[in-house]
Amino acid sequence: MKAKSIQGKSTEEIQSAIQQSMADGFKPTLAIVFLSIKQDRDAICNILDNEGIAIYGATTNGEFTEEGITKESVAILLMDIHPDYFTILFNEYPDNNFRGAAQTLAKQALEIFPRPSFLIAGSNMETDAEELLHGFEDIIGNHVNVYGGMAGDDYSFSRQFVFTNNKLSNKGIVALVLDEDKLLIRGKATCGWKPMGTEKIVTKSEGNRVYSIEGISPLEMTKKYSGLENLTEDNKRIEIEIAVAFPLQLQREKGDPVMRPGLTVNWKDGSFICSGSVPQGSKVKFSLPPDFDVIEKVVNGCEDLKESEIPEADALIMYSCAGRLISLGPMIGEEIEGVRKVWDVPMAGMFSTAELARATGGNLEMHNLTTCCVALKEK
């Protein structure tokens, strides 16, 4: 399999880049498309569709290739995978039956490949991404390989989209289904935020809303331990600061903890609405703000993946949390470059609103403040 990445800030630039990439006889069959909601999505899809290229696409909070990070632009990874080795599936969940939508895709995939693996993207801030993952597990089994991320919208948190050839949804899922007998897909989800203090018990919660930890509202606990200043409703940026600087880490009986930052504060009762479910009675820790070794941990995680599971790759896809871009600032470029050097192959990535992958040593999870790296290799 051959892969090439391209990027551009306009439809014209993308059209030119596609033609240049094919000038040497390269004939891509698949495009991983990450783009800003400000781009002309339909026009870019038409260009790819006219070339007979299948599309797996999502809107983002920022895009990148091995050439660097861009904003309000388009990043595309083109691959010439044999058409018999993959397919694109698409579904929507207007009634919020997230699990059922994923189950339908998994059943369709099993009719095509005996051993399917999945690269997925979902849209809509209300989507329970954990339910999507459970849907694949229900049909394929707990061993299923699923990686991906949730679409973004340049931090407007209003309308996100996933798309493929002639299909688009702000409340749906797109899945690139790969034949594992022909293609090796391996991924790694790494966060790097260090835990702080002792485990604490969630004493009251409902779904993803946490009312109290050790009998104290999470807002009061944040005021007590975080060191953050001006924790008031008048501070318009405080919720983002809480989410990226002092997030919760949900402890698991098996595998690494997963991040559950508080995305919304209820200023009346001090409760947090978190990025994913936080069961009542579960154990959590708070996190320290990230330091330089966060990047080192992500790169080391990819090096471990290369050594243990996929020593060579043809292409690399990355889903990096939008919160990492906010928190790490320019250092995020060092992280992306460090990961790229591990396999030194063409890559494309997006800054996502959530990351989907198996936790290290654990189960499929919805992650936040995490980098999910996915390497592909034709067998």
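The values are calculated or read from the model by the stated rules, or taken from the named source; none is laboratory data. Fair warning: this is a prediction, and the values are worked out from it, not measured in the lab. When we count neighbours, we look across all protein chains shown, and the Cβ atoms used for this are built from the backbone with ideal geometry, even at glycine.
Here are a few things to note about the model shown:
- None of I173, I185, I201 is closer than 25 Å to K379 by Cβ, outside any loop (DSSP other than H, G, I, E, B) and either polar (S, T, N, Q) or modelled with pLDDT of 95 or more (or both) except I185.
- E67 being within 20 Å of I173 (Cβ to Cβ), surrounded by fewer than 20 Cβ atoms within 10 Å (Cβ to Cβ) and of a type in the set (D, E, K, R): no
- Filter result for Q108 (at pLDDT 95 or above, crowded, with 20+ Cβ neighbours inside 10 Å and not hydrophobic (A, V, I, L, M, F, W, C)): no
- Only residues that are outside any strand (DSSP E or B) and modelled with pLDDT of 95 or more were counted in the stretch 204-217, giving 3.
- Residue, nearest to G187 (Cα to Cα), within the stretch 306-325, restricted to residues that are in a helix (DSSP H, G or I), modelled with pLDDT under 95 and of a type outside the set (G, A, S): R324
- Identity of the residue in the stretch 42-67, under 15 Å from E13 (Cβ atoms) and touching a residue at least 60 places away in the same chain (Cβ under 8 Å), that ends up farthest from the chain's Cα centre (by Cα): L48
- Any hit, the stretch 71-88, residues being at negative phi, among the small types (G, A, S), modelled with pLDDT of 95 or more and in a helix (DSSP H, G or I): no
- The numbered conditions (1) touching a helix residue (DSSP H, G or I) at 6+ places or on another chain (Cβ under 7 Å); (2) on the phi > 0 side of the Ramachandran plot; (3) without any contact (Cβ under 8 Å) to a residue 24 or more places away in the chain are all true for G270 except (3).
- Boolean, V278 is more than 11 Å from V210 (Cα to Cα) and in contact (Cβ under 8 Å) with a residue 60 or more places away in the chain: no
- Residue match in the stretch 20-36 (condition: outside any loop (DSSP other than H, G, I, E, B) and more than 17 Å from T164 (Cβ to Cβ)): yes
- The stretch 256-275, residues that are surrounded by fewer than 20 Cβ atoms within 10 Å (Cβ to Cβ) and assigned to a loop (DSSP other than H, G, I, E, B): D256, N266, W267, K268, D269, G270
- Filtered by the rule that a residue be under 29 Å from E378 (Cα atoms), in a helix (DSSP H, G or I) and either among the aromatic types (F, W, Y) or not assigned by TED's automatic domain parsing to the domain that holds N363 (or both), the stretch 90-144 gives a lone residue, F136.
- Output for the stretch 180-199, where each listed residue is over 30 Å from I140 (Cβ atoms) and crowded, with 19+ Cβ neighbours inside 10 Å: W193
- Only one entry of K107, K188 meets the criterion of being under 25 Å from D314 (Cα atoms) and either within 16 Å of the chain's Cα centre (by Cα) or basic (K, R) (or both), and that entry is K188.
- Cβ-Cβ under 8 Å pairs, at least 6 apart or on other chains, the stretch 351-379 side without any contact (Cβ under 8 Å) to a residue 12 or more places away in the chain, far side charged (D, E, K, R) and assigned to a loop (DSSP other than H, G, I, E, B): none
- Scanning the stretch 126-141 for residues that are among the acidic types (D, E) and farther than 15 Å from G172 by Cβ turns up E130, E137, D138.
- All of (1) buried (at least 23 other Cβ atoms within 10 Å of the Cβ); (2) farther than 21 Å from M259 by Cα hold for D95 with one exception: (1).
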